[in-house]
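A.B. asks: Dropping the structure in here first, questions after.
Every read-out reported here was derived from the displayed coordinates using simple, explicitly stated rules and does not represent laboratory data. Note that the structure is predicted; figures quoted are calculated from it, not measured. Cβ: placed from backbone, ideal geometry, glycine included. Neighbour counts: every protein chain shown.
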Amino acid sequence: MAQRDYVDRMLEVIADRDEPEVRVAKALAYRVRRLAHRLETEIRRELAPHGIELWELELLACLVRAEPQHRLSAGALMAQLQLTSGAVTNRVRRLEGNGWVTRDFDPDDRRSVLVALTPAGRQRAMEVFGVKSRAEHALLSSLGPSAQHRLNDDLRTVLVSLEGPA
């Protein structure tokens with residue numbers, strides 16, 4: 001058997017409360033949440049010396065991926081970042097203050113706002129993408145490449161069943 005972790009100890013206490021398949025799902029859910037928390041905490045720690053927050057980099061990354069004009073509607077940012085409209089508005093306002101994005105009305109629909117990446121925002125994102133990537137690699141390096149591929153495929157299956165295909 002593999003080494004035991006915090007989740008194993010926790011489940012021992014509640015073992016008689018759930019059916020075995022429910023316990024397995026519960027253990028997986030706890031491990032995914034704990035891993036997500038650790039990833040986010042470590043990435044934030046690695047980004048801090050570079051003067052950028054994880055949420056800032058994630059929003060910039062959405063715009064970098066928005067080829068060819070590097071702009072998205074506020075609604076598209078809401079969907080991609082899984083945020084409320086108020087959260088997107090506040091975040092965009094802060095990045096606009098840094099000179100990393102601009103906001104303008106959509107010329108085809110004046111009710112919609114388009115958020116565009118500035119050259120300074122693109123440069124800032126490109127400067128720190130590697131920091132985030134190295135932190136992710138280091139945190140997940142206890143799994144070999146084939147295990148990472150398997151886990152990636154399994155998690156994709158779950159996400160597609162919950163969110164639908166991209």
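A.B. asks: Check THR118: other-chain or 5+ apart residues with amide H under 5 Å from its amide H, H built from backbone geometry?
C.D. replies: Residues meeting the amide H criterion: VAL101, THR102.
A.B. asks: Please give the helix 145-163 orientation as an angle from the longest Cα principal axis of the chain, in degrees from 0 to 90, rounded to the nearest 10.
C.D. replies: 70 degrees
A.B. asks: Take the Cβ-Cβ distance between LEU39 and ARG4 as r, set R0 to 30 Å, and report the resulting FRET efficiency rounded to the nearest 0.05.
C.D. replies: 0.90
A.B. asks: Using Cβ contacts closer than 10 Å as the measure, can you line up VAL24, VAL92, VAL13, VAL115 from fewest to most?
C.D. replies: Ordered by Cβ neighbours within 10 Å, fewest first: VAL13, VAL24, VAL92, VAL115.
A.B. asks: Using all alpha carbons of the chain, what is the percent of pairwise distances in each 10 Å bin, ordered from the shortest bin to the longest?
C.D. replies: Reading the bins upward from 0: 8, 28, 31, 20, 10, 3, 0.
A.B. asks: On to the next question. Over the chain, what relative contact order in percent results from Cα pairs under 8 Å that are six or more residues apart?
C.D. replies: 19 percent
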